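Since the structure comes first, as structure tokens, the remarks are kept for the end.
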Amino acid sequence: MSTHVLVLGGGYAGVMAANRLSGRDDVEVTLVNPRPRFVERVRLHQVAAGTHGGLHDWAEVLGERVRVVVDEATHVDTAHRRVRLAGGTDLPYDHLVYAVGSHATDAGVPGAAEHALAVSTFESATRLRATLDTTPTAPVVVVGGGPTGIETAAELAETGRAVTLVCGGVLAPYVRPSARRAVARRLARLGVTVLERPRATEVRARSLLLDDGRTLDGLTVWATGFAVSDLARRSGLATDATGRLLTDETLTSVDDDRVVGAGDAVAPSGVPQRASCQAAVPLGARAADTVLAHVDGRVAAPVDNVFFGQCIALGREAATFQASRADDTAVALHVSGRAGALLKEGVTRQIVQGLAREARRPGSTRLPSSASARARALAAAATDRVTSPPPQARVDA
Ligand SMILES: Cc1cc2nc3c(=O)[nH]c(=O)nc-3n(C[C@H](O)[C@H](O)[C@H](O)COP(=O)(O)OP(=O)(O)OC[C@H]3O[C@@H](n4cnc5c(N)ncnc54)[C@H](O)[C@@H]3O)c2cc1C
């Protein structure tokens, strides 16, 4: 008898999980996603600027054995193992992968929800593109000094827009000072005005108010960080304070071992990894491995993701790659300029290629693993607590 796994969310984590699960003949996989195509979310600032389409057909990235349902989950009924969809139908499952991702937060700033545009979803990036098309000379004020705000500011400035970047704190807080200087130099070269200290206090239809008393005219683009869906919380599953599904170290819900999480929407042991594609892809693979361990009655292996750094695109001609330790803290190494841009584009392409490879050969993605993770896995295997093989080391993005 086959096992039915329902994957909620067709982003990086959900697609990786669905592909990996589809390698087993005794597992049927259904993926639920509100859109009929895969969104390359890390390119949404490019969608807004008109330099990339941001979409891929499912056939490019998803295995043939994965059934796609274009709809949105509105409730998870764990007691009866069914998911209610917005379209009105219920889908039963044996195991569920919760990978519904994230979206922009307005941080509670008055007027942001009504008047600010965003790049966090395909719909919001497309709306921004359309607004820019109808207001060709309007200046743009991007709020958010992290990678999404910086990438959006640079991409729009490169198209000839007058852009101001309001950071509300230090520019590019993740990176080391030398990398930050490289980012600032490139933004200056593109003509972006960077305001580090002031914070946005109110958004109006065509202006932004700052806490230092200034008013900046133009379209406001909001990029201050990501929030997650309240689907898990609404469904009675335990979450952290922000609404991320609370799981153990194997990504299994602390309430129900039939529910496994991955990507931005999950908080393993209450500690979410940086909201990133870099974490979402391996988490998706590990979620699939955990589900298969549950199906087989094996003990699942704990997650231990490895980070490599943060790569910030600065338009099409430059980027800054800040290297990190495996634990996601920046080190004194960065690559900037044209070399950074080549690295960024190569890694971005490799992500989609990696999903496509897993679609063709499920199980082929080798998971990055820190030395400590390998040591723990070997120790656990030696004491027979973990029966699945230890993950193999691999350095990729
Ligand atoms: C402009 C931009 C640039 C970025 N650049 C980088 C970068 O360079 N490097 C990096 O590592 N990260 C980057 N990120 C962050 C990265 O895109 C996210 O962290 C990543 O997409 C998370 O993957 P995910 O699979 O968890 O979620 P997502 O990619 O958000 O996918 C979740 C999917 O679930 C769907 N969904 C939502 N609710 C439901 C529901 N109720 N039912 C069914 N489906 C649902 C969504 O529509 C979506 O398709 C960037 C983000 C943005 C916006």
Based on this model, can you work out whether THR247 counts as free of Cβ contacts under 8 Å to residues at least 40 places away in the same chain, closer than 23 Å to SER22 by Cβ and either buried (at least 18 other Cβ atoms within 10 Å of the Cβ) or in contact with a strand residue (DSSP E or B) (Cβ under 9 Å, 6 or more places away or on another chain) (or both)? yes
Qualifying residue in region 121-134 (condition: more than 15 Å from VAL47 (Cβ to Cβ), away from the ligand (no atom under 14 Å from the Cβ), in the same structural domain as ARG181 (by TED's automatic domain parsing) and surrounded by fewer than 20 Cβ atoms within 10 Å (Cβ to Cβ)): yes
For region 254-285, enumerate the residues that are more than 26 Å from ALA326 (Cβ to Cβ) and in contact with a strand residue (DSSP E or B) (Cβ under 7 Å, 6 or more places away or on another chain). ARG258, VAL259
Out of region 347-372, which residues are of a type outside the set (D, E, K, R), at pLDDT 95 or above and part of a helix (DSSP H, G or I)? VAL347, THR348, GLN350, ILE351, VAL352, GLN353, GLY354, LEU355, ALA356, ALA359
ALA330, sole failed condition from (1) modelled with pLDDT of 95 or more; (2) within 18 Å of the chain's Cα centre (by Cα): (2)
Do we find a residue being loosely packed, with under 15 Cβ neighbours inside 10 Å and assigned to a loop (DSSP other than H, G, I, E, B) anywhere in region 314-325? yes
Those helices (runs of 4 or more DSSP H) lying entirely in region 112-174 with at least 3 residues under 23 Å from VAL39 (Cβ atoms): 122-134, 147-158
Out of the residues in region 6-37 meeting the condition of being in contact with an Asp or Glu (Cβ under 7 Å, 6 or more places away or on another chain) and of a type outside the set (D, E, K, R), tell me which one is farthest from the ligand (Cβ to nearest atom). ASN19
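The values are calculated or read from the model by the stated rules, or taken from the named source; none is laboratory data. Small disclaimer: the values here were computed from a predicted structure and weren't measured. Don't worry about glycine lacking a Cβ; one is built from the backbone with ideal geometry, like all the others, and counts go over all protein chains shown.
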